[in-house]
Amino acid sequence: MKKKNYSSLLWPLITLAAILVFNLIFTKGFFNIEIKNGHLFGSIIDIIKRAVPVMIIAIGMTMVIATKGIDISVGSIIAISGAIAAIIILNTGLSLFFVIFLSLAVAFLFGAFNGLLISYIGIQPVVATLILMVAGRGVAQLITNGYVLYIDHKAFEYLGIGFFLGIPFSIIITLIVYIITYAVTRTTAIGLLIQAVGGNPRASYYTGINVKSIKFFVYAFSGLCAGISGLIISSDIKGADPSFAGLWVELDAILAVVIGGTPFTGGKYYLFGSIIGSLIIQSLTTTILTRGVPVQYTLVVKAIVVFIVIIFQSAEFRQKVLRGLKRKIQ
Amino acid sequence: MITANPILAINRLCKDFPGVKALDNVDFFLRKGEIHALMGENGAGKSVLVKVLTGVYKRDKGKIYFEGKPFYVHSPKEAQECGISTVYQEINLVPNLSVAENIYLNRQPQIRGFIDWKATNKKAEKVLERLDLKLDVKQPLGSFSIAIQQMVAIGRALDLDAKVLILDEPTSSLNVKEVQQLFTIMRKLKSLGHSIIFITHFIDQVYEISDRITVLRNGMLVGEFLTDSIDRVELIAKLMGKKLAEFSSEQAEIEQGDENKQGIPFLEVQGLGKKGLIEPFDLRMYKREVLGLAGLLGSGRTEIANLIFGIDRADKGQILLNGKSVNISNPHDSLKFGFGLCPEDRKSEGIIEDLSIRENIILSLQVKKGCFKYIKRKIQEKLVSKYIDMLKIKTPDMEQAIKNLSGGNQQKVIVARWLASNPGLLIMDEPTRGIDVGAKAEIQKLILELSQKGMAILFISSELEEVIRCSQKVVVVRDKAKIAELTGTQINEHTIMNKIAVV
Amino acid sequence: MKLLFKRINRKKIPLYANFIIFVLIYALGAIFYRKFLSLRVFVNLLTDNSFLGITAVGMTLVIISGGIDLSVGSMMVFTTMLIALFTEMLHLPPIVVLPAVVLIGVLFGSLMGGLIHFFNAPPFIVTLSGMFLARGLGFVISLDSIPIKHKFYYNASQFGIQLTEKIRMPIIAIIFIAVVIIGIILSHYTKFGRNTYAIGGNEQSAVLMGLPVGRIKIMIYAFSGMCSALAGIVYVLYTLSGYGLAYMGLELDSVASVVIGGTLLTGGVGYVEGTLVGVLIQGLIYNFITFQGNLNVWWAKIVIGLLLLFFILMQRTFSTRTAAN
Amino acid sequence: ASGETEEKAAGGKKLVVGFSQNDTNNPWGTAETESVKDEAAKRGIELKYADAMTKQANQIKAIRAFIAQDVDAIFLAPQVETGWEPVLKEAKAAGIPVFLLDRGVDVTDDSLYVTLLASDFVFEGEEAGKWLAEEMNYKGNIVELQGTPGASPTIDRKKGFENIINKYPDLKIIKSQTAEYQMGKGKELMEAFLKAEGENIDAVYAHNDAMALGAIQAIEEYGLKPAEDIIIVSVDAIKDAFEAMVAQKLNCTVECTPLLGPGAFDALEKHLAGEKLPKWIKSEDQVFTKDTAADYIDSRKY
Ligand SMILES: Nc1ncnc2c1ncn2[C@@H]1O[C@H](COP(=O)(O)OP(=O)(O)OP(=O)(O)O)[C@@H](O)[C@H]1O
Ligand SMILES: Nc1ncnc2c1ncn2[C@@H]1O[C@H](COP(=O)(O)OP(=O)(O)OP(=O)(O)O)[C@@H](O)[C@H]1O
Ligand SMILES: [Mg+2]
Ligand SMILES: [Mg+2]
């Protein structure tokens, strides 16, 4: 397991490095990290900070995909948790703790709703989460009446734009979520059971694994991650944007997970790979934004880069190329 | 050794996997019109040889000649087109399509470019009739037991009408009658000049059907022998790599006492049944007892096992554990009550392909302990290496993904999984399927040892001999109902066969 | 009754369940809303969902094979842009343009299929980048929407079978139905179709059974690409224009239709007939919202979600009941 | 006015109007919808409302459903200019008048609709350009935050703005990328621009207020003063933009009014009364700056 882990992370890392090296050569000052007002500051920091929402969602999504599932409702849950936080702050005097607790509880419940439909009622994951994807945005808009609700709350802002020891606080949150997830799945048997369920649900059932409850919790966890991400997003723009917050983020998150090496067919997952995947996507996006690619070419550039990544990550391709190179040397 | 014009000649074939030399300079010759048995322990390289030959794996080195010409195929499809038809070890058919389709996939009879479903089904029925099998060929393959699936796979291969037919352990899930049916057909093919490679662990079958035997061990060729000129003891010695002198029968029979079988049974099943699955039945099992289930294919043995373990939910009857009624509605419950079930179909119910050997083995024990009490890595490793040694699981290391093991070794891992969970009641549904002679004896010995230590074991096997040797009590099942319970001297082949056969 | 059950193929129960539920929901609409039960509304249902339905037919085969094709929407839109480019900027005649765009669709699909097969790449990512690429290429042609003024397209769009004096079955609905029929025949009566099921059932086994898996996979994606191109042509007839931003999210609607229609996303099981019902059900749900007409903006979304949930739950209970019978 | 309308409807029945809105996923579209709804309620007209969720196909579906329900008139806020000819012909054949809101349609036969009530997006871009050029003394570097690529306000606001800026050789648009009309993306994009160009940036032109509001935050976090170090101009004039102007963080916004309801129903009544209407009833849009914003903020409805 250990050895494999590294080799499957190798190619995502190389891809990330390639994009960064491209920037190193073509964008001046890209790697400069200064300390400004006691805060870390620079393009690299920006990329990591901007990747935070996708990274956190990708952590939850990794678990979902490891059980052979998929969750396309995360974008809507982001909108809902932001909206809930906003109305609590605007209408009540509850402390920040309750604001966070309540919005995350709601996000968790929505995730649990997905889990219920999928594991206990047996609905296919895409359809089950599609329901919430469509309805969830409506719920968020209903909560805010369709408008962007502005949140003027210094403590809440800290989540998205605060700094802790000079490091953006949102990056710290991501780190905490990652470490907790890693610890919980790897120091208990949960990670193993998730992989078993994804690898062969029938055999897992025969082994006595409670397949249904594992699936249930995985979706609930994904909802929770989306909730955290939603709080960070709304804290970052100091407002809850029910219509656009997290729009299409599910695609980015899934892409990140799969680029990171977790196969769609379930049974294996690479949490750290998903983090790398998110960073790849974000550095690509940032590069496109700063390189001055004309608007009409943005998508084409993105597509071509992803195609190249796919090809390079394919073991088949590498084998062929390596063999070709060897022959040339001989 | 090389006779003139072998239809298939393999020369110094090599195939490496990371950490394993699966084939190491292997030579193999197949002559026209012969049945050639390929033998070896689990993990000897038999299946890899077949897979390299048919283009599933790329060979590293070596030459293959087919009908005198160099032979190099990239896929099973090409091999098929060249006239080599194969039944691979694990049933490789598609469960979601009907039986008929599985037989005729990509070769369906057509009218004006469109599939003629009627003809397809008719022809499929004909093919299965040759194997003496009558079933509704329109039903999805997945709804049948693996024995039937195995027959269907054989049916497909036979119908391809190839020059060379390769059968990789086709008989491991078949019963005596079906094996005979298969042999009849093999003989007929042989008389028509077809050549057959036959892989099996059953020595009797090899002597019954084959003309020649090639033995592999650890990826290397041990030798090629005329079946008539090598006796059993010698063959087994070749297989196991021991000198004749070292080899003595390790199959010490353990006394079958009938003592302490009074009082409250450890497990009592009262009128358990499910409509359409199995008629209500009673069972009593004591600790230190091996209860054998005998019956024909499809008789309902697996159903009994599944019902007790909670995989299927009974609609009648109850289970008493130490005299107290317990409610079992899924395998998780039964695990908590200290039951274990080593399932029949290792591919779909047993192994979790992508997980390592270690993870596959500790899984049940882990679930039993609860997922928050993660077994320490060190303890895991100790436990796993114990079972790797005990069952002689052949692997470079325990972190190898289980899918990379040979079929028999996968089976051993599943057995190890359930042994590791240390159950009070262990249900073993065909645990020795696909396992080599040596290991089979090991497992039988183990079963007896475990029962001596206090475990109750429900033992299901299609090999009557094995059931008889291991069990203190035998329950005979026929047509989805329990029909008899035999003890003591009643446990012999003759009585059991009579019970099964007499209507 | 018993006899009837015996004759029904068990595998098809979800399909029948779907159909019955569709009829029930339709009846519900007819009770609630004036003019819901009219020929016009039914014809509209077919017409307005035709391009979605056509992509869904291709998608059905892809999903049955165990894959997914996220590029269908973009490919459809790209096709509309290509037709606009060829017709309005390069002034090519339809007889050249139409086969050309279909061919491009097929090539695009084969390219993705090839990547998936030869590089063993996950279909989700390959087709997702295919989605970016096709949308992007559409933008490269023009960011602006382009009206297609060539007489042929106008005339074709007006063509149809007169059902009653006032109501006509337009050509695009006819194309839709034709594609569905082709899909059914392809999936049920050809080797290609059956091999698709086999690959979805167990790809490894399909290889060992000697099926030409690579070729079939490429053909499946090529077929889906062709369907997307056809959908593009239909969309051009529907709107007489090409527009790079048209119908964002069609791929998701398409996947949803297929899955609602009873096809398993895990591959191996499904029916093109089911997809037809799935598409119509999605259309019906939107019809409910428009006929209701007074829903709060955001309530509309919630109600769509709830209707979807309601439908899926009905489908589940119905098929488990029937199966238990 | 309401009594008049009811008389017009045959048999004293309520007048039924179908309204196909393309998108309510932004405050602007929401305000437009509310305006039409409120006005309908005020006048006792039954409004059949359909949100197309940014899909033209859904709008066509909705129009057809309206035709099937025999509505008396159709209001259409099209998602895009092209592609309406066939369905508008159907409406015409059914004798239902169509009124266009906020965006025109590209049809060969302009009798297919009665009139268009809308702002002029090119004009808005030009107004923004004029104001900015003057404010910058016809010299300096501008970054542009575009709307969704391909959307007609994006294209026209860009075109109008360039019409003006290109006249002055010392005014340069140094970066131009899309932030898809979203606040969050506006912030991200501005952050990236600041990293790439830093203090080189003299002004920001955003195709809508939401993106400008995002950009303001990015500028503040970068350590510059919005509206002082970097001039910011945007389009829409939503209430949030006024608040930003009052707080001296946004320099200027060009109005693009979504309050089209009253005008639309007036037009409908005039049409029913047999009056001939012009093909384009332009909204009277103004330019608001941070100096005057406080005077207007209380009267802003959306
Ligand atoms: N894909 C693979 N990757 C790595 N090792 C493999 C792979 N396939 C087979 N092996 C190894 O090659 C060796 C030979 O395996 P093979 O399947 O040929 O055994 P076999 O003789 O068929 O045994 P059995 O009787 O158990 O089926 C084994 O040690 C096995 O672990
Ligand atoms: N002859 C048959 N025709 C149709 N279905 C059969 C037949 N035999 C078995 N099946 C089906 O296959 C499945 C497995 O059969 P079952 O478990 O009863 O076999 P078994 O008694 O365990 O025999 P074995 O373990 O030797 O395969 C059951 O679902 C049964 O309905
Ligand atoms: Mg083998
Ligand atoms: Mg059995």
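The values are calculated or read from the model by the stated rules, or taken from the named source; none is laboratory data. The structure presented is a predicted model; accordingly, all values stated were derived computationally and were not measured. Backbone-built Cβ (ideal geometry, glycine too); neighbour counts: all protein chains shown.
Yes or no, residue by residue, for (1) crowded, with 22+ Cβ neighbours inside 10 Å; (2) part of a loop (DSSP other than H, G, I, E, B); (3) touching a residue at least 40 places away in the same chain (Cβ under 8 Å):
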site: B:GLY340; (1), (2), (3): yes, no, yes
site: B:ARG358; (1), (2), (3): yes, no, yes
site: B:CYS371; (1), (2), (3): no, yes, no
site: B:LYS386; (1), (2), (3): no, no, no
site: B:ASP389; (1), (2), (3): no, no, no
site: B:ASP397; (1), (2), (3): no, yes, yes
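Looking only at the stretch D:145-188, which residues are in contact with a His (Cβ under 8 Å, 6 or more places away or on another chain) and within 14 Å of chain C (Cβ to nearest Cβ)?
D:GLN146, D:GLY147, D:PRO153, D:THR154, D:ARG157, D:LYS158, D:TYR181, listed by residue number.
Could you pull out the residue among B:GLU344, B:GLU353 that is acidic (Asp, Glu), within 16 Å of ligand 1 (Cβ to nearest atom) and within 14 Å of another protein chain (Cβ to nearest Cβ)?
B:GLU353
Given the criteria assigned to a helix (DSSP H, G or I) and more than 16 Å from ligand 3 (Cβ to nearest atom), does B:LEU450 qualify? Step through it out loud before you land on a result.
Numbers: assigned to a helix (DSSP H, G or I): yes; more than 16 Å from ligand 3 (Cβ to nearest atom): yes.
Yes; evaluated as a whole, the condition is true for this residue.
When you scan the stretch B:399-441, how many residues do you find that are within 14 Å of chain A (Cβ to nearest Cβ), β-branched (Val, Ile, Thr) and either part of a loop (DSSP other than H, G, I, E, B) or within 14 Å of ligand 1 (Cβ to nearest atom) (or both)?
4
Where residues in the stretch B:109-149 are under 22 Å from C:HIS188 (Cβ atoms) and charged (D, E, K, R), which of them is farthest from ligand 3 (Cβ to nearest atom)?
If we take residues in the stretch B:109-149 being under 22 Å from C:HIS188 (Cβ atoms) and charged (D, E, K, R), then B:ARG112 is farthest from ligand 3 (Cβ to nearest atom).
Looking at B:VAL99, B:VAL137 in this structure, which one is within 23 Å of the chain's Cα centre (by Cα) and modelled with pLDDT of 90 or more?
None of the others qualify; the one that does is B:VAL99.
Considering every residue within the stretch A:94-116, establish whether at least one is within 28 Å of A:PHE244 (Cβ to Cβ) and part of a loop (DSSP other than H, G, I, E, B).
Yes - at least one qualifying residue is present in the stretch A:94-116.
Go through the stretch D:61-141 and tell me which strands (runs of 3 or more DSSP E), entirely inside it, have 2 or more residues that are in contact with a Gly (Cβ under 9 Å, 6 or more places away or on another chain), under 21 Å from D:ALA237 (Cα atoms) and in contact (Cβ under 8 Å) with a residue 12 or more places away in the chain.
The strands (runs of 3 or more DSSP E) meeting that bar are D:115-118.
Looking at the stretch B:311-322, is at least one residue within 21 Å of B:ALA456 (Cα to Cα), within 7 Å of another protein chain (Cβ to nearest Cβ) and touching a residue at least 40 places away in the same chain (Cβ under 8 Å)?
No, that holds for no residue.
Just to verify a result, which residue in the stretch B:124-142, among those that are assigned to a helix (DSSP H, G or I) and touching a residue at least 12 places away in the same chain (Cβ under 8 Å), is farthest from ligand 1 (Cβ to nearest atom)?
The residue in question is B:GLU125.
Can you name every one of the strands (runs of 3 or more DSSP E) wholly within the stretch B:264-310 that holds 1 or more residues which are touching a Ser or Thr at 6+ places or on another chain (Cβ under 8 Å) and away from ligand 1 (no atom under 16 Å from the Cβ)?
So the answer is B:290-295.
With the requirement that a residue be in contact with a Ser or Thr (Cβ under 9 Å, 6 or more places away or on another chain) and either within 12 Å of ligand 1 (Cβ to nearest atom) or among the aromatic types (Phe, Trp, Tyr) (or both), what does the stretch B:356-394 give you?
The answer is B:ILE357, B:PHE372, B:TYR374, B:LYS394.
Scan the stretch C:29-42 and give yes if some residue there is in contact (Cβ under 8 Å) with a residue 12 or more places away in the chain and over 26 Å from D:PRO86 (Cβ atoms), otherwise no.
Yes, some residue in the stretch C:29-42 is in contact (Cβ under 8 Å) with a residue 12 or more places away in the chain and over 26 Å from D:PRO86 (Cβ atoms).
What tally of residues in the stretch D:244-264 results from selecting those that are touching a helix residue (DSSP H, G or I) at 6+ places or on another chain (Cβ under 7 Å) and either more than 22 Å from D:VAL204 (Cα to Cα) or of a type in the set (D, E, K, R) (or both)?
Selection size over the stretch D:244-264: 7.
For residues that are out of contact with any Ser or Thr (no Cβ under 8 Å at 6 or more places or on another chain) and at the interface with another protein chain (Cβ under 10 Å from one of its Cβ atoms), tally how many sit in the stretch A:150-165.
So the count comes out to 1.
Every residue in the stretch B:426-446 that is at pLDDT below 90 and among the hydrophobic types (A, V, I, L, M, F, W, C), please.
B:ILE435, B:VAL437, B:ALA439, B:ALA441, B:ILE443, B:LEU446
Got a number for residues in the stretch B:54-84 being more than 11 Å from chain C (Cβ to nearest Cβ) and either more than 13 Å from B:LYS163 (Cβ to Cβ) or basic (Lys, Arg) (or both)?
Of the residues in that region, 12 qualify.
Quick one: in the stretch D:265-285, of everything that is in contact with a helix residue (DSSP H, G or I) (Cβ under 9 Å, 6 or more places away or on another chain) and at pLDDT below 90, which residue is nearest to D:GLN248 (Cα to Cα)?
Taking the candidates together, the pick is D:ASP285.
Determine whether the stretch B:330-350 contains at least one residue that is touching a helix residue (DSSP H, G or I) at 6+ places or on another chain (Cβ under 8 Å), within 16 Å of ligand 3 (Cβ to nearest atom) and at pLDDT 90 or above.
Checked against the condition, which is being touching a helix residue (DSSP H, G or I) at 6+ places or on another chain (Cβ under 8 Å), within 16 Å of ligand 3 (Cβ to nearest atom) and at pLDDT 90 or above, the stretch B:330-350 yields at least one hit.
So for the stretch B:238-246 (the condition being within 16 Å of ligand 1 (Cβ to nearest atom), in contact with a helix residue (DSSP H, G or I) (Cβ under 7 Å, 6 or more places away or on another chain) and touching a residue at least 60 places away in the same chain (Cβ under 8 Å)), does at least one residue qualify?
yes
Report whether or not C:VAL258 is on the phi < 0 side of the Ramachandran plot, part of a helix (DSSP H, G or I) and within 11 Å of chain A (Cβ to nearest Cβ).
Working: on the phi < 0 side of the Ramachandran plot: yes; part of a helix (DSSP H, G or I): yes; within 11 Å of chain A (Cβ to nearest Cβ): yes.
Yes; evaluated as a whole, the condition is true for this residue.
What about A:ALA183, is it crowded, with 22+ Cβ neighbours inside 10 Å and either more than 14 Å from chain B (Cβ to nearest Cβ) or modelled with pLDDT of 90 or more (or both)?
The answer is no for A:ALA183.
Yes or no: the stretch B:151-168 includes at least one residue that is over 28 Å from B:ILE10 (Cα atoms), more than 12 Å from every other protein chain (Cβ to nearest Cβ), of a type in the set (A, V, I, L, M, F, W, C) and away from ligand 2 (no atom under 11 Å from the Cβ).
Scanning the stretch B:151-168, I find no residue that is over 28 Å from B:ILE10 (Cα atoms), more than 12 Å from every other protein chain (Cβ to nearest Cβ), of a type in the set (A, V, I, L, M, F, W, C) and away from ligand 2 (no atom under 11 Å from the Cβ), so the answer is no.
Report the residue count in the stretch A:271-330 for those that are over 25 Å from A:PHE26 (Cβ atoms), within 14 Å of chain C (Cβ to nearest Cβ) and part of a helix (DSSP H, G or I).
Qualifying residue count, the stretch A:271-330: 9.
Output the number of residues of the stretch B:360-369 satisfying the condition of being closer than 18 Å to A:GLY198 by Cβ and crowded, with 24+ Cβ neighbours inside 10 Å.
5
Among the residues of the stretch A:237-248, are any assigned to a helix (DSSP H, G or I) and buried (at least 24 other Cβ atoms within 10 Å of the Cβ)?
Looking through the stretch A:237-248, none of the residues is assigned to a helix (DSSP H, G or I) and buried (at least 24 other Cβ atoms within 10 Å of the Cβ).
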